[in-house]
Amino acid sequence: MPQVTVNDSTIHYIEQGQGKPVMLIHGFPLDGRIWAQVVAPLAARYRVIVPDLHGFGQSRASRPSSMESMVEDLRGLGRQLGALPCAAAGLSMGGYVLLQWAKTCPTDLGALILVDTKPDADTSEAKHARDVMIEQARTGGAPAIADAMMPKMLAPEALSHDQALVRRLREIIESQSPQAIQWALAAMRDRDDFTPELPAIADPTLLVYGEHDAITPPAIGQRVAEAIPRSQLKVIPAAGHMAPMEKPQEVAEAILEFLDACY
Ligand code: MLT
């Protein structure tokens, strides 16, 4: 099982392909498996590295996390694999981590792919909702979080008709450690507002948004595209918040076209 030890945590990852490195960072409350169908097409031309963040998937952790500590985990992984600088894609919470990374150490990154995410900090209502969810995770574990999240994660069509995808997503959520879920919720609640940093992002940036994303709609992507100088927006038709699972082919094609042109 490929893994590295960084800051007392064990970070599990998978690696496939050869060429310039591309790291794929998953969202909440998930793990690297959400990229499963995107990896093979990307790995035909790039060295693809897919970590499980702090305590998620097969990674193990014994302390709380923050956006900064998750960046340090990924930088440690990248250093140990000789894979920096890299291009990186981050879905939702993975996008928050990537924006933190771009702020902390931009020279590690050669191109950014922000997928179904947003730059803003939590509002006070959102912070309160995080605390409620932390309590739900503590008392009801990962299944309670799956119940709360599932209705918002997929496009309506997939949610009602693609039972295999619904089952797969629920299975990934339900397999997560309730402790990792609570730590990630607190880390998201306490994250910075990255909006002021967007104009300073000098790397080419691709914004990928599911047309029917109910959590981070494409209008957010439009706003981010206007703020990041070398950016472009790609809306994935018929996809929701989990575009890499719902429309992996289209997402992989968008990423490849972007990377081939600028990385
Ligand atoms: C995610 O998909 O990572 C989460 O929905 C992000 C969030 O809750 O802010």
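Using θ = phi - 60° in the Karplus curve 6.51 cos²θ - 1.76 cosθ + 1.60, the 3J(HN,Hα) couplings for the range 138-153 round to 5, 8, x, x, 4, x, 5, 6, 4, 4, 6, 8, 3, x, 9, 8 Hz; x is entered for Gly and Pro. In sequence order, the range 30-46 has phi-based couplings of 9, 8, x, 5, 5, 8, 2, 8, 8, 4, 4, x, 5, 6, 5, 10, 9 Hz under the Karplus curve 6.51 cos²θ - 1.76 cosθ + 1.60, θ = phi - 60°, and Gly or Pro positions carry x. Using a Gaussian network model on the chain with a 10 Å cutoff between Cα atoms, which of Ser62, Ser177, Ser124 fluctuates the most? It is Ser124.
At q = 0.17 Å⁻¹, what log₁₀ I(q)/I(0) does a Debye calculation on the Cα points of the range 118-240 give, no solvent, two decimals? These q points yield log10 I(q)/I(0) values of -1.04.
In the elastic network of the chain, a GNM with C-alpha springs shorter than 10 Å, the most mobile of Pro199, Pro178, Pro218 is Pro199.
Taking only the Cα atoms of the range 67-181, the ratio Rg/Rh comes out at 1.02, with Rh defined as the Kirkwood radius. If each Cα of the range 1-78 is one equal point scatterer, what is log10 of I(q)/I(0) from the Debye formula at q = 0.13, 0.15, 0.25 Å⁻¹? So the normalised log intensities are -0.36, -0.47, -1.18.
Between Arg223 and His161, the contour length at 0.36 nm per residue exceeds the Cα-Cα span by 19.2 nm. For Leu99, the shell of other residues with beta-carbons less than 11 Å away shows a net charge of -1, using +1 for Lys and Arg and -1 for Asp and Glu.
Each part gets one Cα centre, and for the range 55-112 versus the range 215-248 those centres are 20 Å apart.
Using the average count of surrounding beta-carbon atoms within 10 Å as a protection proxy, the listed peptides 71-82, 24-35 rank, highest first, as 24-35, 71-82. Once the mean of 1/r is taken over each pair of separate Cα atoms and inverted, the chain shows a Kirkwood hydrodynamic radius of 18.0 Å.
For the peptides 136-147, 154-165, the ranking by mean Cβ contacts within 10 Å, running from highest to lowest, is 136-147, 154-165. Annotated for the range 1-159: lysine pairs at least 8 residues apart or interchain, Cα distance under 21 Å, count 4. Of all beta bridges that DSSP places with both ends in the chain, some 30 percent have antiparallel geometry. Between the listed residues Ser9, Leu84, Val97, the Cα displaced farthest toward the positive end of the dipole of the range 1-150, a dipole computed from Cβ unit charges relative to the Cα centre, is found at Leu84. Peptides 1-14, 86-99 ordered by packing proxy, namely the average of other Cβ atoms within 10 Å per residue, highest first: 86-99, 1-14. In plain terms, the chain from Asp8 to Thr123 could stretch by 38.2 nm, reckoned as 0.36 nm per residue minus the Cα-Cα distance.
Rule-based calculations on the coordinates, nothing more; no lab input. Because the structure is predicted, anything quoted here is derived from the model rather than measured. So basically every Cβ, Gly included, is an ideal-geometry build from the backbone, and we count neighbours across all protein chains shown.
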